[in-house]
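Notes follow once the structure below has been shown.
The values are calculated or read from the model by the stated rules, or taken from the named source; none is laboratory data. All values reported here derive from a predicted model rather than from experimental measurement. Positions of Cβ are generated from backbone atoms using ideal geometry, with glycine treated the same way; all protein chains shown enter the neighbour counts.
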Amino acid sequence: MQSEDVAAWRQRWQESNTPWNLGRAAPELVTVLGAWRPAGRALVPGCGHGHEASLLQDLGWNTVGLDVAPEALAAARQRDPRPQWHCGDVLNPPSIWQGSFDLVLEHTCFCALPPRCRQTYAQAVTTLLQSGGHFLGLFWCHSRPDGPPFGSTPQELKTCFGSGLRLITLQQARHSVQDRCGEEWLGQWQKP
């Protein structure tokens, strides 16, 4: 991620300008993950306040929350000290993390990245997953110009993540918060 992008995210956190924060884990992810059996190590890129990382930790996963903004991680750590919180860039993750995650959980990281970074993000996710690992994402698919959040389409998601991962399901979310109804899509991929 470019330094001006990191600076912009840090400024948002310093000003408490985080309108994407629901104050809890996304309802769709609570429903879906509640039916999964914990399978090891999970990563939440762009974790922000860490609600999804805490959800995974509650469900028995060994969870790492990753964010470029130390201010986000300080808020997450204060709210829940259990997950491992790591300051860094998902587009350039530590090489020691290659192939070390059973699950990468996406929620509002993809839509926060400038579209020019999306293919790099998809490659990073693929690299971080171990063989047989899953990528589960709740994506904000809208057609508004500008961002963040930057819009996407289900077809773009299929194309972006399809080069290194096998699509299992991609469907419109059924448990979205009111202001995102009809715009959230739930996708699951697996690394061969």
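Please state which of the following conditions Trp85 fails to meet, knowing it meets all the rest: (1) in contact (Cβ under 8 Å) with a residue 40 or more places away in the chain; (2) assigned to a strand (DSSP E or B); (3) closer than 23 Å to Gly23 by Cβ.
Going through (1) in contact (Cβ under 8 Å) with a residue 40 or more places away in the chain; (2) assigned to a strand (DSSP E or B); (3) closer than 23 Å to Gly23 by Cβ one by one, Trp85 breaks only (1).
Could you please find all residues in the range 30-44 being in contact with an Asp or Glu (Cβ under 7 Å, 6 or more places away or on another chain) and either surrounded by 16 or more Cβ atoms within 10 Å (Cβ to Cβ) or within 16 Å of Gly187 (Cβ to Cβ) (or both)? Steps first, please.
Kept after step one, since they are in contact with an Asp or Glu (Cβ under 7 Å, 6 or more places away or on another chain), are these residues of the range 30-44: 39-42, 44.
Listed by number, the residues that qualify are Arg41, Ala42, Val44.
When both residues are 6+ apart or on different chains and their Cβ atoms are under 8 Å apart, which pairs have a first residue that lies in the range 132-143 and is within 21 Å of Pro192 (Cα to Cα) and without any contact (Cβ under 8 Å) to a residue 12 or more places away in the chain, and a second that is of a type in the set (Asp, Glu) and in a strand (DSSP E or B)?
If the second residue must be of a type in the set (Asp, Glu) and in a strand (DSSP E or B), no pairs are left.
Answer with yes or no whether Cys109 is at pLDDT below 95, assigned to a loop (DSSP other than H, G, I, E, B) and either surrounded by fewer than 20 Cβ atoms within 10 Å (Cβ to Cβ) or touching a strand residue (DSSP E or B) at 6+ places or on another chain (Cβ under 9 Å) (or both).
yes
Can you confirm whether Ile96 is modelled with pLDDT of 90 or more, surrounded by fewer than 20 Cβ atoms within 10 Å (Cβ to Cβ), outside any strand (DSSP E or B) and not polar (S, T, N, Q)?
Here the answer is yes, as Ile96 does meet what is asked.
Using beta carbons and a limit of 6 Å, which pairs, at least six apart or on different chains, have the first residue in the range 146-162 and in contact (Cβ under 8 Å) with a residue 12 or more places away in the chain and on the phi < 0 side of the Ramachandran plot and the second one part of a loop (DSSP other than H, G, I, E, B) and not basic (Lys, Arg)?
These pairs meet every condition: Pro148/Ala112; Pro149/Cys111; Phe150/Cys111; Gly151/His142; Gly151/Ser143; Ser152/Cys141; Thr153/Cys141.
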